[in-house]
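Below is one structure, written out as structure tokens; comments come after it.
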Amino acid sequence: MTASASAKPTHTLVRLDAPFTDQKPGTSGLRKSSTQFEEPHYLESFIEASLRTLPGVQGGTLVLGGDGRYGNRRAIDVILRMGAAHGLSKVIVTTGGILSTPAASNLIRQRQAIGGIILSASHNPGGPDGDFGVKVNGANGGPTPASFTDAVYECTKTLEEYTIVEAAAIPLDAPGLHSIGAMQVEVIDGVDDFVALMQELFNFDQIRDLIRSDFPLAFDAMHAVTGPYATRLFEGLLGAPAGSVRNGVPLEDFGKGHPDPNLTYAHELAELLLEGDDYRFGAACDGDGDRNMILGQRCFVNPSDSLAVLTANATLAPAYASGLAGVARSMPTSAAVDVVAKELGIDCFETPTGWKFFGNLLDAGKITLCGEESFGTGSNHVREKDGLWAVLFWLQILAERRCSVAEIMAEHWERFGRHYYSRHDYEAVASEAAHGLYDRLEAMLPNLVGQPFAGRTISEADNFSYTDPVDGSVTTGQGLRILLDDGSRVVVRLSGTGTKGATIRIYLESYVPNSGDLNQDPQVALAEMISAINDLAEIQSRTGMDRPTVIT
Ligand code: VG1
Ligand code: CO
């Protein structure tokens, strides 16, 4: 322990008995069980390594907040005290510690911060028995690149000590200015700046007119971070009746739910829209507010299609009225947006899974919109995917076109053809079984070309690798692709966000031109491919599961 002058808080140097060897960040930050994060020094080790690695900490400003899950408040307290020990000049933290991922991205950019720390395990369940997570974003507001997360991981593996100061917890119940030694702590409302940004991008008067014109909508915040944002936006500014936002109070365990906006985990909302006629529009966001699910009356919008629709209709939103520079999608996302980009005459980039790969393209001005099949869509307004932005964008399009979601989809397919698409997730598979399946399939790839598959022929089979067109960095091993001669494809990946065993993701896609049958159930349209990949990869026998955990 190093004592210090009386005006300064006491600095403590804490020595670790042994470094942690498992702090390798995955697709989006470090995610582990809450129990793991409660191990003495576990959180501190990762924060120490991050603060040593992030440029500009000495004298810099950091943004801090989280999705409100169990552990949020304690982590904020620890990070504030470690930030003071590391010489930050200021930390901007939000009331209640509530800050969505896209709102954090915006704050980092607006306040010229050196970056931000977002406490979230996104769509993973929370609570003492759930998961916790830490994401570190850089000065552009986006997820830090692999070079940063690799350096943090390396640092943790040999870390011997960390520094922290002693200080009373900063009250987060109201905005205010505080300090810990020389470091300022500014507590602000995390909703204000985000809402102001949305008002710049979209025409709120027009959306308000739509909502007031017999357009009942239901938004499910899943007891996660978007509750306060959505209540302010939809019920406050846009005139939706009270109660339109469901599960709007953030809870530490998300009400024991799984805050993942898909048909399985947001099934109550899905039933309201898909099996009833009380609502014209439905949407949900995930734990940290970066994902979105869009539903119309009796209509589910596949996220890959959503990106294509937003691209095709972008000029209807004031922010994008002058057109798009280009678009990008992650590799497993369907090529629906590629077809639209081609018609618009703009570039379309294909990146590995994870938002960090869009950062360079956005910063370089090469793209305006981007998205992933995993319910993520976003634009150059921030450097994260943005759930509520996507919902507002859809509302903007509906306010302009004054038709139903189902009509928008039908017209889109009639114009561009339809990419039948589905993702089958096998969750919590024994790690050895999942890796065995993956490795075996990877070894088979070179011999697959020319082989029959689902009534077609395999034309290419590889493990996807990506060369960043901006900085030339190469990322390999991003998913096994089996491409068929008619343009259909199957992709197999192992998840980088799960915390229990391994999750196998199977992505299936098949294109039907506008002269074909545009109204099939995707599971039927893809049935042959589903059974072909099940046979080829021996999914049932190797996982012991006869069906996926989640089908999207
Ligand atoms: C998943 C999704 C990926 C997304 C990532 C983070 O990763 O597939 O598209 O970027 O989650 O999203 P993986 O490695 O499990 O497939 V979030 O909302 O959890 O920050
Ligand atoms: Co998320």
Checklist entry - Reachable lysines from Lys256, Cα under 23 Å, same-chain residues fewer than 8 places away excluded? => result Lys32, Lys135, Lys500
Item to check | Estimated 222 nm signal from helices in the chain, with DSSP H stretches of n ≥ 4 weighted -39500 (n - 2.57), rounded to 500 | outcome: -9000 deg cm²/dmol
Checklist entry - Is any residue of region 41-68 close enough, with backbone N under 17 Å, to a label point placed 7 angstrom from the Cα of Arg74 along the Cα-Cβ axis, and if so, which? => result 41-48, 66-68
Checklist entry - Carbon and sulfur: what percent of region 400-487's accessible surface (1.4 Å probe)? => result 47 percent
Checklist outcome for this item: Carbon and sulfur atoms account, in whole percent of the 1.4 Å probe accessible area of region 1-148, for 52 percent
Checklist outcome for this item: Amide H neighbours of Gly115 at under 5 Å, excluding residues fewer than 5 places away on the same chain, with H built from the backbone geometry, are Val63
Checklist entry - Of all accessible surface on region 232-288 at a 1.4 Å probe, what whole percent is carbon and sulfur? => result 49 percent
Checklist entry - Any idea what the dipole of region 330-400 comes to, in debye rounded to 20, about its Cα centre with Lys/Arg Cβ at +1 and Asp/Glu Cβ at -1? => result 160 debye
Checklist outcome for this item: In Å², rounded to a whole number, the accessible area per residue of the chain with probe 1.4 Å is 37 Å²
Item to check | For Ala284, distant residues with modelled amide H under 5 Å away | outcome: Asp220, Met293
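The values are calculated or read from the model by the stated rules, or taken from the named source; none is laboratory data. In this text the structure is predicted, and so the values were computed from the model without any measurement. All Cβ positions, glycine included, derive from the backbone under ideal geometry; neighbour counts span all protein chains shown. Protein only, heavy atoms only, side chains kept; ligands, DNA and RNA dropped before computing areas. Shrake-Rupley method; radii C 1.70, N 1.55, O 1.52, S 1.80 Å.
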